[in-house]
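Data block below; observations after.
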Amino acid sequence: MATDSQSRAVPAVGLPPEVIEDILSAPRRRRMLEVLAESEGCMVVDDIAAAVEADDSDPRERLKAEIYDEHLPKLTATGVVDYDSMRGCVSLTSPAIVDHIEG
């Protein structure tokens, strides 16, 4: 039997609305998702940090640490991205989530 949040899952993403809201609650995580959506497949974390850094004043090394420590665990746990640790590469597996980012 489906719980209330399962029955209200956003079909294009397959996640409950409150999970999507949580994923998109961090501005840097939203920017990461936009960068990944614009890419041609897999991106290394350093390139993601460089793209986010262009919109931010934090140094790249700090952004990379934040990506590894905070954003990747949440995004991989929800299946929104795939992280290939052998290549250090991140790919967007649920591009429809970007449609939920408000300008």
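Any read-out appearing in this document is the output of simple, stated calculations on the displayed coordinates, not a laboratory observation. Everything numeric in this text was worked out from a predicted model, so none of it was measured. We place every Cβ from the backbone using ideal geometry, glycine too, and count neighbours over all the protein chains shown.
Before moving on, here are some points about what is shown:
- Phi-derived couplings, Karplus 6.51 cos²θ - 1.76 cosθ + 1.60 at θ = phi - 60°, listed residue by residue for the stretch 73-81: x, 5, 6, 6, 5, 8, x, 6, 10 Hz, with x used for Gly and Pro.
- Considered as an equivalent ellipsoid built on the Cα gyration tensor, the chain has semi-axes of 25, 14, 12 Å, the largest given first.
- Placing +1 on the Cβ of every Lys and Arg and -1 on the Cβ of every Asp and Glu, with no other charges, gives the stretch 29-86 a dipole of roughly 200 debye about its Cα centre.
- In the chain, a dipole from Cβ-located charges (positive for Lys and Arg, negative for Asp and Glu) runs towards its positive end, and of Leu75, Ala26, Ser39 it is Leu75 whose Cα lies farthest in that direction.
- Cut-off under 5 Å, modelled amide H: who pairs with Cys89 long-range: Asp84
- The simple spin-label model puts a point 7 Å past each Cα toward its Cβ; for Ser39 and Glu70 those points are separated by 1.9 nm.
- Residue-averaged [θ]222 nm for the chain, counting only DSSP H segments that reach four residues, each worth -39500 (n - 2.57): -11500 deg cm²/dmol
- Net dipole in debye of the chain [+1 Lys, Arg Cβ; -1 Asp, Glu Cβ; about Cα centre; nearest 20]: 200
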